[in-house]
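Asker: Take a look at the following structure, please.
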Amino acid sequence: MPKDNPALKKLVESFDGKPADPARMKQAQEELETAIVMVARDVVAKQEGDRTTFDVLTRLYESQPNLNIRTSTSIANQAYSTPAPLAFLASRLAGITRTAVAHEPTAGTGMLLIGADPKKAIVNELNDLRIDALKSQGFTPTQKDAATQRLVPEGTQPDAVVTNPPFGSIKDAEGKPVKVKVDGFSLGQIDHLIAARALDAMKEDGRATLILGANKVAGGLSTDDRIFFNWLYSHYNVAGHFEIVGDLYNRQGAGWPVRVIKIGRAHV
């Protein structure tokens, strides 16, 4: 593991002797992240107990460089991946195993699916580089808009949903904020809408973990939050709901606090 970005830059330049410009460094960070995901999957597969696995993944995360190079595409897509220890926690809360059919609508490089069987998982991702990263791990990803298009094949209902979608307002083709009706509730945030679409595809007794944007003020709720949670709590069995400070995402190039929401086995 390169200890920092200067070490990663040196590794890139030693590969072919060419300068590591920002575009090459961004690609190197994406490749490194994919390698970290693959190592994390191996750690989970050892089944050494949840605490040991979590601790090993935490050390892995703390040893990685800051994956902080941004492009216009990564900014537009809010492409900041879930840290390995949080991804493992989310996977366990959703009950994801190698036998479960897991669904990830915004899969990134696959970190949230380190406990799943790639051959059984239903994954979707927009970014071309990350599509390639998923394919290299054995996934068969779709490349659709998770907010507007159906991602799960007709007749299929996932056992589990896990997602850490991009945050921000839902916008129309002109870039203006809009609301989208879901069961009569007007949702205004893109992560809320993607989560709602994914949950709708899940089997009746399925489980899920949602990692959604939180308020900068701990415990704070916007109007959009209140509307979404009124919908969520009235339609699903919310078995857990807590916030995590944004500092956890520093090494992923972000720093916004998140909510982790566990959906239990039964609908309300």
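The values are calculated or read from the model by the stated rules, or taken from the named source; none is laboratory data. Just so we're clear, the structure is a prediction, and the values are computed from it rather than from any experiment. Backbone-built Cβ (ideal geometry, glycine too); neighbour counts: all protein chains shown. Just so you know, the surface numbers come from the protein's heavy atoms only, side chains and all, with ligands and any DNA or RNA stripped out. Shrake-Rupley method; radii C 1.70, N 1.55, O 1.52, S 1.80 Å.
Asker: Look through the range 128-185, keep the residues that are among the acidic types (Asp, Glu) and in contact (Cβ under 8 Å) with a residue 24 or more places away in the chain, and return whichever of them is surrounded by the fewest Cβ atoms within 10 Å (Cβ to Cβ).
Answerer: Initial filter on the range 128-185 (among the acidic types (Asp, Glu)): 128, 132, 145, 154, 159, 172, 174, 183.
Of the ones still in play, those that are also in contact (Cβ under 8 Å) with a residue 24 or more places away in the chain are 159, 183.
Numbers: 159: 20, 183: 10.
Result: 183.
Asker: What number of residues in the range 220-239 are touching a strand residue (DSSP E or B) at 6+ places or on another chain (Cβ under 7 Å) and of a type outside the set (Phe, Trp, Tyr)? Walk me through how you get there before you give the answer.
Answerer: From the range 220-239, those touching a strand residue (DSSP E or B) at 6+ places or on another chain (Cβ under 7 Å) are 224, 227-228, 230-232, 235-239; that's our starting set.
Of the ones still in play, those that are also of a type outside the set (Phe, Trp, Tyr) are 224, 227, 230, 232, 235, 237-239.
Going through the range 220-239 one residue at a time, the tally reaches 8.
Asker: Determine whether the range 108-126 contains at least one residue that is part of a loop (DSSP other than H, G, I, E, B), modelled with pLDDT under 95 and surrounded by fewer than 18 Cβ atoms within 10 Å (Cβ to Cβ).
Answerer: Taking every residue of the range 108-126 in turn, none turns out to be part of a loop (DSSP other than H, G, I, E, B), modelled with pLDDT under 95 and surrounded by fewer than 18 Cβ atoms within 10 Å (Cβ to Cβ).
Asker: Could you list, in sequence order, all residues of the range 232-250 that are assigned to a helix (DSSP H, G or I) and among the charged types (D, E, K, R)? Outline the logic, then answer.
Answerer: We begin by selecting, within the range 232-250, every residue assigned to a helix (DSSP H, G or I); these are 232-235, 246-250.
Passing the criteria: only 247.
Asker: Quick test of your reading of the structure: residue 242 fulfils all but one of (1) open to solvent by less than 60 Å² (accessible area, probe 1.4 Å); (2) in contact with a strand residue (DSSP E or B) (Cβ under 7 Å, 6 or more places away or on another chain). Name the failing condition by number.
Answerer: Result: residue 242 fails condition (1) only.
Asker: Here is a further query. Can you tell me which of 203, 262 is outside any strand (DSSP E or B) and surrounded by fewer than 22 Cβ atoms within 10 Å (Cβ to Cβ)?
Answerer: The unique qualifying residue is 203.
Asker: Please determine whether any residue of the range 220-231 is open to solvent by 60 Å² or more (accessible area, probe 1.4 Å), assigned to a loop (DSSP other than H, G, I, E, B), at pLDDT below 95 and out of contact with any helix residue (DSSP H, G or I) (no Cβ under 9 Å at 6 or more places or on another chain).
Answerer: no
Asker: Suppose we filter 215, 250, 237, 230 for residues that are in contact with a Gly (Cβ under 7 Å, 6 or more places away or on another chain), at negative phi and in contact (Cβ under 8 Å) with a residue 12 or more places away in the chain; which single one remains? Break it down stepwise before answering.
Answerer: Numbers: 215 fails: in contact with a Gly (Cβ under 7 Å, 6 or more places away or on another chain); 250 fails: in contact with a Gly (Cβ under 7 Å, 6 or more places away or on another chain); 230 fails: in contact with a Gly (Cβ under 7 Å, 6 or more places away or on another chain).
None of the other options fit; the residue is 237.
Asker: Restricting to the range 7-57, name every residue that is of a type in the set (Phe, Trp, Tyr) and either touching a residue at least 40 places away in the same chain (Cβ under 8 Å) or surrounded by fewer than 16 Cβ atoms within 10 Å (Cβ to Cβ) (or both).
Answerer: Filtering the range 7-57 down to residues of a type in the set (Phe, Trp, Tyr) leaves 15, 54.
Correct list: 15 only.
Asker: Now for a separate question. Scan (1) at pLDDT below 95; (2) of a type outside the set (Lys, Arg); (3) within 11 Å of the chain's Cα centre (by Cα); (4) open to solvent by less than 10 Å² (accessible area, probe 1.4 Å) for the single condition residue 79 breaks and write down its number.
Answerer: Here residue 79 meets the rest and fails (4).
Asker: Is it the case that the range 62-70 has a residue that's in contact with a Phe, Trp or Tyr (Cβ under 8 Å, 6 or more places away or on another chain), modelled with pLDDT under 90 and open to solvent by 40 Å² or more (accessible area, probe 1.4 Å)?
Answerer: Keep residues of the range 62-70 that are in contact with a Phe, Trp or Tyr (Cβ under 8 Å, 6 or more places away or on another chain), which gives none.
The answer is no, given that none of the residues of the range 62-70 is in contact with a Phe, Trp or Tyr (Cβ under 8 Å, 6 or more places away or on another chain), modelled with pLDDT under 90 and open to solvent by 40 Å² or more (accessible area, probe 1.4 Å).
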